[in-house]
Amino acid sequence: MEVLEHRNAVNLVPDSVRKHLERGMSGEIAETPKEGEPGCDMSTTFLIGNIDRAIREAVDRAGALGFNTTVLTSTMEGEARNIGKMMAGLLIENTITGELAETPFCLIAGGETTVTIEGEPGTGGRSQELALAAAVALQEFENVVLLAAGTDGTDGPTDATGAVVDGKTVGKARLEGLDPLDYLSRHDSYSFHKAAGSLVRTGPTMTNVMDIVLLLADPGQRQEASG
């Protein structure tokens with residue numbers, strides 16, 4: 001009812017719907033039907049998509065492209081900037097040590113982070129802020145890429161689904177007079193990525209199964225370049 005009233009749409013819905021909501025508001029009927037109530041035996045629920053399925057598709061695609069793929073988590077949460085820094089650390093660490101250190105690899109995480117606004121907010125979204133924090137941590141590191149994106153095609157109140165960054169993103173931005181730490185402190189990740197050319201725009205996907213982060217690296221190329 002609050003949504004309908006907010007949109008001045010109370011009188012636009014069918015009378016049966018309005019009366020049903022009014023009866024619920026007055027306590028005549030329960031807000032949520034309980035098991036065994038009439039009508040429940042006529043409904044069936046099918047789960048057609050979730051973050052686990054999205055991750056599985058990403059795993060299959062990465063494998064087809066030749067990446068050794070590992071799923072980090074499907075329950076990612078926490079402050080976006082902290083998670084971005086942590087993801088960058090995992091990406092760097094796995095290019096140096098461990099079983100993945102000598103093969104092209106892809107690390108995948110899914111979930112939803114949080115952006116806690118302090119002061120006057122800029123423009124952005126949790127995926128863009130995560131990517132910006134990761135870009136700062138990845139600067140000058142070769143052959144690493146991170147993508148953070150919302151599966152619905154929209155990250156925060158912006159026209160971007162997220163951002164893709166690598167070890168050169170911050171260096172190129174500084175040459176253009178951009179200070180990534182300043183943008184990060186103001187939660188203005190959209191403005192940074194727009195100026196740096198690192199935004200990803202897909203348009204609405206018409207589905208939403210949280211956010212996904214892809215971390216790609218080719219340690220072999222990095223070692224070859226170093227040699």
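None of the figures in this text is laboratory data; all of them are computed from the coordinates on show. Since the structure is predicted, the reported quantities are computational estimates derived from the model, not experimental observations. Virtual Cβ from ideal backbone geometry, glycine too; neighbours counted across all protein chains shown.
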If you scan segment 33-62, which residues turn out to be within 14 Å of the chain's Cα centre (by Cα) and either aliphatic (A, V, I, L, M) or closer than 26 Å to PRO219 by Cβ (or both)? ILE51, ALA54, ILE55, ALA58
What are the residue pairs meeting all of these: first residue in segment 158-177, first residue among the basic types (Lys, Arg), second residue surrounded by fewer than 23 Cβ atoms within 10 Å (Cβ to Cβ) and part of a helix (DSSP H, G or I), Cβ atoms under 9 Å, and 6 or more apart or on different chains? LYS172/ALA196; ARG174/PRO180
Please go through segment 119-130 and give me each residue that is among the charged types (D, E, K, R) and buried (at least 18 other Cβ atoms within 10 Å of the Cβ), ordered by number. ARG126, GLU129
Qualifying position, being surrounded by 18 or more Cβ atoms within 10 Å (Cβ to Cβ) and not in a strand (DSSP E or B), among ALA163, ALA195, ALA148, ALA133: ALA133
Out of everything in segment 63-86 that is among the aliphatic types (A, V, I, L, M) and within 18 Å of the chain's Cα centre (by Cα), what residue ends up being surrounded by the most Cβ atoms within 10 Å (Cβ to Cβ)? ALA80
